[in-house]
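Down below is the structure, laid out as structure tokens.
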Amino acid sequence: LSKRSEKGGGLGALEIRDNEGLTAYKILRLADLVKNSRRCVILTGAGISTSAGVSDFRGPHGVWTAENKGVAPPASKSFDMVHPTLTHMALVKLVEMGGVGLVVSQNVDGLHMRSGLPRENLAELHGNLFLETCEVCGKEYLRDFDVGGISFQATGRFCEQPGCGGVLRDNLLDWNDELPEAEFDRASRACKEADLCICLGTSLRIRPASELPLLTLKNLGKVVIVNLQKTVKDRFAHLSIHAPVDEVIRGVMALLETPVPDFARPYSLHIAVRQGKEGRSSGGVKQEAAATAGWSVEIRSPVDRSCAIPLLFAAR
């Protein structure tokens, strides 16, 4: 992102935790709300990815907190090496069951799409490091690697749809970029129609995403906030839970008697194996009878030779 001094405030705010008994009681209430909801929407922030090894922004050790203090940001796993968390996978199951209609994400780490959450049930407001889109036909390509660029730059790759060949562009927003209209419209409509909006791991400080839960309130719906820090929207919440998101969602899924699916990450590679014959030479004389088979094996990205294959440890 480009430099920006104002990031909505709340940097380094104290994290607080409800005691064990209060947390259990609130989890019971949240499970009951989810069970009885007819139209539930989920709004997610950086706090749902911290257990995967991704740093948050406003926490005591967050990226923007460190930047504000003039110190080095905390160590964080590379985005292409992290896996979806328990919360990501639980949301996949809740969507599959019909309990959640739409997940609205402010994250760019790509973990919702990597988890297997259907695209039609996901609105990504700030973009996705791993997604590039054809400027002609709109076809989206989810990659195993960071596509590079910010603010809708050409990635150097082209659409593979028959008869198209359009330029592919990143969809990662910079500070001054407008939110993708189609994604924000879907999110707004879902929140307006929802009887329950659950905010997970977000401080609700970046507009206009932070205002979405208020649309649910106007529909006489309920808002639940799960976050370790207090938020500016807590006063509007029917229920505020100060506990790690994975802990809360694990408890909710247990009370709903719904197992959380395991994550399995698929990888795409092109593997080319070729065989040729090479004759041996002895004293300058080629001996065809002693010819041996020569084999070559090539393993590469399905996109082009310059793209990384993050988890390819060895090729033989």
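Readers should treat all values here as calculations from the given coordinates under stated rules, not as data from a laboratory. Just so it is clear, the model here is predicted, and its values are computed rather than measured. All Cβ positions, glycine included, derive from the backbone under ideal geometry; neighbour counts span all protein chains shown.
Give me the percent relative contact order of the range 154-198, please, defined on Cα pairs under 8 angstrom at least 6 residues apart.
Relative CO of the range 154-198 lands at 23 percent.
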Can you tell me how much longer the chain between Lys139 and Glu96 gets when fully stretched, taken as 0.36 nm per residue apart minus their C-alpha distance, in nm with one decimal?
13.1 nm
Asp195 versus Glu120: modelled label distance in nm, points set 7 Å from Cα along the beta carbon direction:
2.3
What nm value, rounded to one decimal, do you get for the distance between Lys35 and Asp185 when each label is placed 7 Å out toward the C-beta?
3.8
Length-normalised contact order for the range 174-221 - Cα pairs under 8 Å, 6+ apart - percent
45
Full-extension gain in nm, Gln161 to Ser78, via 0.36 nm per residue minus C-alpha separation
26.8 nm
Under 8 Å for C-alpha pairs, at least 6 residues apart: give me the relative contact order for the range 144-271, rounded to a whole percent.
15
Which part of the range 15-40 falls in the paramagnetic zone of Leu255, meaning amide N under 20 Å from the point 7 Å along Cα-to-beta-carbon?
17-40
Using only the alpha carbon atoms of the range 92-153, find the Kirkwood hydrodynamic radius as the inverse mean reciprocal pair distance, in angstroms to one decimal.
12.5
Check Leu43: other-chain or 5+ apart residues with amide H under 5 Å from its amide H, H built from backbone geometry?
Val104, Ile198, Cys199, Leu200
Mean Cβ count within 10 Å, highest first, over the residues of peptides 150-160, 214-224:
214-224, 150-160
